[in-house]
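The values are calculated or read from the model by the stated rules, or taken from the named source; none is laboratory data. Please read these numbers as outputs of a predicted model, since none were measured by experiment. Heads up, the Cβs are rebuilt from the backbone with ideal geometry, glycines too, and the neighbour counts pull from every protein chain shown.
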Amino acid sequence: MVEVQACYCAGAWIAVVVLAYTVIDAQLLEAQAPEYEGNSAQLLRHLDFGDKYQQLRLRRNRIVHLRCDQPAITVDQQWVSRQQLETEAQAAVKLMLAALFDAPGA
């Protein structure tokens, strides 16, 4: 969470999205379902986490798993869409905090 906070304060919105989902995934695996052996998508469904979490997972995957023909984010978007990216980062942080404090319906 400290890295998420640092990235947020620096305005590294894409990093916030990636790290926020990583924190969620780690929290779920360590605290809520330590014996679970399915993938992240299955884990979210298994624990009744809603569509917003699945959307965040998909966004994170698109960012992390590069597809040159369809980039998840471009350099131009990094500069032109700062407000939209900040809003997206804020939503990711809210989901992360809800997952950490056991309120998946956020």
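Filtering the stretch 92-104 to residues that are aliphatic (A, V, I, L, M) and surrounded by fewer than 16 Cβ atoms within 10 Å (Cβ to Cβ) leaves LEU100, ALA103. Kindly list the number of the only condition in (1) touching a residue at least 24 places away in the same chain (Cβ under 8 Å); (2) in contact with an Asp or Glu (Cβ under 8 Å, 6 or more places away or on another chain); (3) of a type in the set (Ser, Thr, Tyr) that fails for TYR8. The one condition TYR8 does not meet is (2). Taking residues in the stretch 72-90 that are in contact (Cβ under 8 Å) with a residue 60 or more places away in the chain, and partners anywhere that are polar (S, T, N, Q), the pairs with Cβ atoms closer than 8 Å and at least 6 places apart or on different chains are LEU85/GLN77; LEU85/GLN78. Taking the criterion of being at negative phi, touching a residue at least 60 places away in the same chain (Cβ under 8 Å) and surrounded by fewer than 18 Cβ atoms within 10 Å (Cβ to Cβ), the only residue of the stretch 11-31 that qualifies is GLN27. Applying the condition of being among the acidic types (Asp, Glu) and at pLDDT 90 or above to the stretch 33-64 and asking which residue is nearest to LEU85 (Cα to Cα) yields ASP51. Here is a list: ASP76, ASP69. Which entry is over 19 Å from CYS7 (Cα atoms), among the acidic types (Asp, Glu) and either in a helix (DSSP H, G or I) or touching a Phe, Trp or Tyr at 6+ places or on another chain (Cβ under 7 Å) (or both)? Going through ASP76, ASP69 in turn, the sole match is ASP76. The set of residues from the stretch 32-58 being closer than 16 Å to GLN90 by Cα and crowded, with 19+ Cβ neighbours inside 10 Å comprises TYR53, LEU56, ARG57. Determine whether the stretch 65-85 contains at least one residue that is exposed (fewer than 12 other Cβ atoms within 10 Å of the Cβ), within 15 Å of the chain's Cα centre (by Cα) and modelled with pLDDT of 90 or more. Checking the stretch 65-85: at least one residue is exposed (fewer than 12 other Cβ atoms within 10 Å of the Cβ), within 15 Å of the chain's Cα centre (by Cα) and modelled with pLDDT of 90 or more.
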